[in-house]
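*Asks:* There's a structure below that I have some questions on.
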Amino acid sequence: MRIDVVTLFPEMFEPVLSKSIVGRARASGSLDLRFVNPRDFTEDKHHQVDDRPFGGGAGMVLMAEPVYQALKKTRRRGSRVVFLSPQGKRFDQAKARQLAKVKHLVLLCGHYEGIDERVLEFVDDELSIGDFVLTGGEIPAMAVVDAIARLLPGVLAKKDAAERESFSEGLLDFPQFTRPRVWRRRAVPDVLLSGDHRRIDEWRRAEQVRATRKKRPDLLRQPAIAR
Ligand code: 9D3
């Protein structure tokens, strides 16, 4: 899969997306991740990418032309252009699965107060990562890349494949424990040391339901097909 991120701040991404599973996905060729800076498509001597909003108001608006030129250079037939914006539909695991099937994704990051409305015509999808205000679309774009990368074929080990599906069951994870067996007088539940995998599976399923009821009761009232 190829992902191009259109951003005024490409240098924000590499320290995060060169590590861990995303870093491995890129090194192994499962993910080709590149960056395009609208500033490189300006022709004036100050490389201006933003300007004051018509009608007045605080902050700066990303200008249409540098964004349009960056998109024009980047998109091809069959590309999916996603704009990260506080006005977007909520990005969730169902959306991650859907986007992981796309051959070429273009993630457009806004910054400042937003982007000139007239470039939204060149956008297929507008997504938010939640109802809170960030300073730009870069961190949301990193979250989207991360969520997609781990779904690409061959990125997670075989034994993690079921884990990869876990959110789609609509329940939270069961609790995890590792060595030592007793830590500061707190013991690991005996069942996990029993070697009885039927009992372990039953215990884990019960804990999933318990955790979901306690932490995210809203998930139990939602049909799992939405995920
Ligand atoms: C909603 C606030 N807007 C009206 C005052 C101004 C504004 C604030 C912050 C416009 C853009 C931004 C930058 N945020 C994003 O680009 C963004 C975002 C977010 O802030 N929260 C959750 N998801 C996303 S995706 C992109």
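*Asks:* Just one of VAL102, VAL61, VAL133 is touching a residue at least 12 places away in the same chain (Cβ under 8 Å) and open to solvent by 60 Å² or more (accessible area, probe 1.4 Å); which is it?
*Replies:* VAL133
*Asks:* Quick one: count up the residues across region 83-115 that are acidic (Asp, Glu), at pLDDT 95 or above and over 14 Å from the mean Cα position of the chain (by Cα).
*Replies:* 0
*Asks:* Would you confirm whether any residue within region 115-123 is near the ligand (Cβ under 8 Å from one of its atoms), within 12 Å of LEU62 (Cα to Cα), in the same structural domain as VAL61 (by TED's automatic domain parsing) and open to solvent by 10 Å² or more (accessible area, probe 1.4 Å)?
*Replies:* No, that holds for no residue.
*Asks:* Which is modelled with pLDDT of 95 or more, among the hydroxyl-bearing types (Ser, Thr, Tyr) and in the same structural domain as PRO15 (by TED's automatic domain parsing), of SER128, SER194?
*Replies:* SER128
*Asks:* If you take the residues in region 135-150 that are within 18 Å of GLN87 (Cα to Cα) and among the β-branched types (Val, Ile, Thr), which one is nearest to the chain's Cα centre (by Cα)?
*Replies:* Top of the filtered list is VAL144.
*Asks:* What tally of residues in region 73-99 results from selecting those that are open to solvent by 50 Å² or more (accessible area, probe 1.4 Å), farther than 11 Å from VAL6 by Cα and without any contact (Cβ under 8 Å) to a residue 40 or more places away in the chain?
*Replies:* Result for region 73-99: 5.
*Asks:* Can you report the number of residues in region 1-48 which are of a type in the set (Lys, Arg) and touching a Lys or Arg at 6+ places or on another chain (Cβ under 8 Å)?
*Replies:* Result for region 1-48: 2.
*Asks:* So is LEU108 under 22 Å from SER18 (Cα atoms) and not in a helix (DSSP H, G or I) or not?
*Replies:* yes
*Asks:* Follow-up question, since we're still on this one. Using the structure shown, decide if GLU126 is in contact with a strand residue (DSSP E or B) (Cβ under 6 Å, 6 or more places away or on another chain), among the charged types (D, E, K, R), within 13 Å of the ligand (Cβ to nearest atom) and open to solvent by 20 Å² or more (accessible area, probe 1.4 Å).
*Replies:* For GLU126, the condition - in contact with a strand residue (DSSP E or B) (Cβ under 6 Å, 6 or more places away or on another chain), among the charged types (D, E, K, R), within 13 Å of the ligand (Cβ to nearest atom) and open to solvent by 20 Å² or more (accessible area, probe 1.4 Å) - is met.
The values are calculated or read from the model by the stated rules, or taken from the named source; none is laboratory data. Values in this document were obtained by computation on a predicted structure and should not be read as measured data. Positions of Cβ are generated from backbone atoms using ideal geometry, with glycine treated the same way; all protein chains shown enter the neighbour counts. What goes into the accessible areas is simple: the full protein's heavy atoms, side chains included, and nothing from ligands, DNA or RNA. Shrake-Rupley method; radii C 1.70, N 1.55, O 1.52, S 1.80 Å.
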